[in-house]
Every structure is written in structure tokens, then in C-alpha cells.
Amino acid sequence: MNKPLLEVINKKKIDRVPIWVMRQAGRYLPEFMEIRRENKDFIKLCLTPNLVKEITLQPLKRFDLDAAILFSDILIVPLLMGHNVTFSDKGPEVGQYNMAYVEQEYGDVLGKINEAIKQIKSEIENNYPNTAFIGFAGSPWTIACYMMEGKLSRDCHVIKSMMYSDTKSLEKLIDRIIERTIEYLKMQIDAGVEVVKLFDSWAGVLTEEYFYRFVIKPTKTIVDSIRAYNGEIKIIGFPRGAGFLYQDYVDNTKVDVVALDQYVPLKWAKKHLSGAVLQGNMDNILLAASKRGAIRAAEEIIEIMSDQGFIFNLGHGIIPTTPPENLEVVVNAIRNR
């Protein structure tokens, strides 16, 4: 079956613009919230295969999308490393190392996610044969930020202080995260995903020297390892907030696709990021705030990118206050061009 997302990544010319949305399976959907109300422990929800399958497929039932992305969280990797992860209204928190507790509380984390992916893969093959299946992980720098800060931080003060004062210790932590991330992504690939995405949500807090050291270098290690393991797998990189350093990221990591945040001008990206297929980058706040404005912005994006292969997405994850019909009209507007 032809899958538009994969065809664009493979540089084939097609008439259809592939569309998917970060966090497309999530809190803006009433059907997701119905499940969430009955499952208070978010991590356990991410480790319940039949519910992960149902949530992953929810947006495909509503919208004409070209990819499903595994319902999960980037903080699965700290969990695999023995750190308890909890979620509250204030966001996620990563606790101290306690592998015995994690194993007792959550059991076989990789096995449960593996089973969820297999179930989703089967459903996609049977009912959505033109839809690509995306897995993901957090990039090492961003995972290290959560592990060292313990929770969301505006300036990543704790880990940046460590970076400047005890660089070797941070490098050791990053190396351990790289190992577990590669293991985690290989499992996802074996279970059936066709594309993997690396989310580096906090890449933008680093200066150029340290961006190369803790974003580009670890990402390249993961990309090289995945390519050596399975050369058919496509890789999306998302160094959010990288600004002009997006160019160094693309040139050095050799990702197949680069996801752009909403602050990257597309005309600049077309000129300077030719080494990767571009994905992005409508403002997620605009999608939530204005149906008409979102349609206009989507049409402008498609017009700018009309002369090359491109994947339509947002510049960051869809927010909980987004009316589902706003996404529907944007998708339909793109389809009807």
C-alpha cells in the first residue's frame, strides 16, 4: 500500500500533502478524556495495551490523517532507568532512582509497550492501510533535563549548572540515556513502527558549543545506531527552539525529516535545511484560538511549500483547549486545495 508520509520522506512526488499532528491523540478529544477520567495514573495508562491502542487510533477515526503516533510519553526512558515518574496538574515529576519500586509498580514496561504497538500495527494494517505508524522517544538532553530538574523548569538551572561545573558527570548520564533510548527504539521498530521521532523539547536553552555536545552528538549516535539496525526506518528530529542551529542539527545528524517549531521561517528553512524533508509548523495556539485564522495559516504554509515534499504539522503539540472541529476544518482545507 502507498503511504503518503513515507513517500514524501523517500522524496517521491505525490499530489497529497501528508498530515499528522503532535499530540493528536490526547486531551483535546472528548473520547480521550472519557478514558482518562477512568484511569488516573497516567503512566499505567501508557502501559495498558488495549487502551493505548484505542487512544492511538482515536484521531484516525475523526480526521483524514496520514500517520498514527504511539500514545505514550517521553518519560518512559527515565522509568526504564529506574526512576519513578508521576503526573499532576502541574506536570510530570521524575523521582529518585528506585528500580525495585518501579519494577514492582509497573512490571515489564518494555513488554507492555511492545504488545500495544503490535496491537496498533495490526489494526492499522487491517483498517488504515495507507497510514504510517510513528514511534518516538525523548532526546537525551531533554530526558536529562527532566531527570536532573525533577519537573518542568523554565531555564533548566540545575542541569545547566551541572553542565558548566561537572561536565563529565553529565556526559556519563547522557551516555546512559543514549543506551536506553536506542534499546527502547529498537523494541518499537521490532514491534512494528515505521518511523521514529526524537523530541528534544529543551534544545533551545543551550549555547552553540553545548548544543553540539548535548543535542547534535547524542542525536547522531542514536540515528547512526538505528540506521545500522534497520536501514528502512525513517527518523524525524525535533530540536525545538534551536533557531539558526537547526541548520547544524540537520547537517550533522542526517535525520530524514526535521520538525520545525513555529518560530522558524519556512522560506529560511527551505534555503538552509535542504538536507532533510521539512515538517511543521503552524502555531498550536492559533489552531486553538481561531478556526478562520488557522485555515488561512495552513493555506499559507502549503503555498510556501508547494514546490517540494513537505509534511504538515504544528510547531508544538496540540493544546487541550483546541476544539476538535478546528483541526478538522484545517485538514479539510488542505485536502480540498
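The values are calculated or read from the model by the stated rules, or taken from the named source; none is laboratory data. Note that the structure is a prediction, hence the values are computed from the model and not measured. With ideal geometry, Cβ positions are generated from the backbone for all residues, glycine too; neighbour counts draw on all protein chains shown.
Key figures
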| quantity | calculated |
| --- | --- |
| Yes/no for LEU198 being more than 20 Å from GLU93 (Cβ to Cβ) and at pLDDT 95 or above | yes |
| Given (1) at pLDDT 95 or above; (2) more than 30 Å from ARG337 (Cβ to Cβ); (3) out of contact with any Lys or Arg (no Cβ under 8 Å at 6 or more places or on another chain); (4) not aliphatic (A, V, I, L, M), index of the condition GLN24 fails | (2) |
| Flag for LEU206 being buried (at least 16 other Cβ atoms within 10 Å of the Cβ) and farther than 30 Å from ILE117 by Cα | yes |
| Region 134-166 - residue that is loosely packed, with under 13 Cβ neighbours inside 10 Å and among the hydroxyl-bearing types (Ser, Thr, Tyr) and, of those, farthest from VAL257 (Cα to Cα) | SER165 |
| Any chance ILE43 is within 18 Å of GLY107 (Cβ to Cβ), part of a helix (DSSP H, G or I) and among the β-branched types (Val, Ile, Thr) | yes |
| Pair list, Cβ under 8 Å, 6 or more apart: region 227-250 residue without any contact (Cβ under 8 Å) to a residue 24 or more places away in the chain, other residue surrounded by 18 or more Cβ atoms within 10 Å (Cβ to Cβ) and in a strand (DSSP E or B) | ARG227/ILE235 |
| Selection from region 78-119 of residues that are β-branched (Val, Ile, Thr) and in contact with a Phe, Trp or Tyr (Cβ under 6 Å, 6 or more places away or on another chain) | VAL94 |
| Scope region 9-41; condition crowded, with 16+ Cβ neighbours inside 10 Å and within 18 Å of the chain's Cα centre (by Cα); matching residues | ILE9, PRO18, ILE19, TRP20, VAL21, MET22, ARG23, GLN24, ALA25, GLY26, TYR28 |
| Positions within region 42-56 being surrounded by fewer than 20 Cβ atoms within 10 Å (Cβ to Cβ), among the hydrophobic types (A, V, I, L, M, F, W, C) and in contact (Cβ under 8 Å) with a residue 40 or more places away in the chain, in sequence order | PHE42 |
| Total residues in region 234-254, condition in contact with a Phe, Trp or Tyr (Cβ under 6 Å, 6 or more places away or on another chain) and either surrounded by fewer than 24 Cβ atoms within 10 Å (Cβ to Cβ) or under 20 Å from LEU6 (Cβ atoms) (or both) | 2 |
| Filter pass, TYR146 being within 30 Å of ASP66 (Cα to Cα), outside any strand (DSSP E or B), of a type in the set (Ser, Thr, Tyr) and in contact (Cβ under 8 Å) with a residue 60 or more places away in the chain | no |
| Selected residue (criterion: nearest to ASN130 (Cα to Cα)) from residues of region 48-97 that are part of a loop (DSSP other than H, G, I, E, B) and among the acidic types (Asp, Glu) | ASP66 |
| Residue satisfying all of: in region 263-315; small (Gly, Ala, Ser), in contact (Cβ under 8 Å) with a residue 24 or more places away in the chain and assigned to a helix (DSSP H, G or I); surrounded by the fewest Cβ atoms within 10 Å (Cβ to Cβ) among these | ALA288 |
| Search result, residues across region 113-133 that are part of a helix (DSSP H, G or I) and surrounded by 14 or more Cβ atoms within 10 Å (Cβ to Cβ) | ILE113, ASN114, GLU115, ALA116, ILE117, LYS118, GLN119, ILE120, LYS121, GLU123, ILE124 |
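Each row is one residue, and each column tells you yes or no for (1) of a type in the set (Val, Ile, Thr); (2) over 22 Å from GLU93 (Cβ atoms).
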| site | (1), (2) |
| --- | --- |
| ILE9 | yes, yes |
| ASP15 | no, yes |
| ASN39 | no, no |
| LYS44 | no, no |
| PRO49 | no, yes |
| THR56 | yes, yes |
| ASP66 | no, yes |
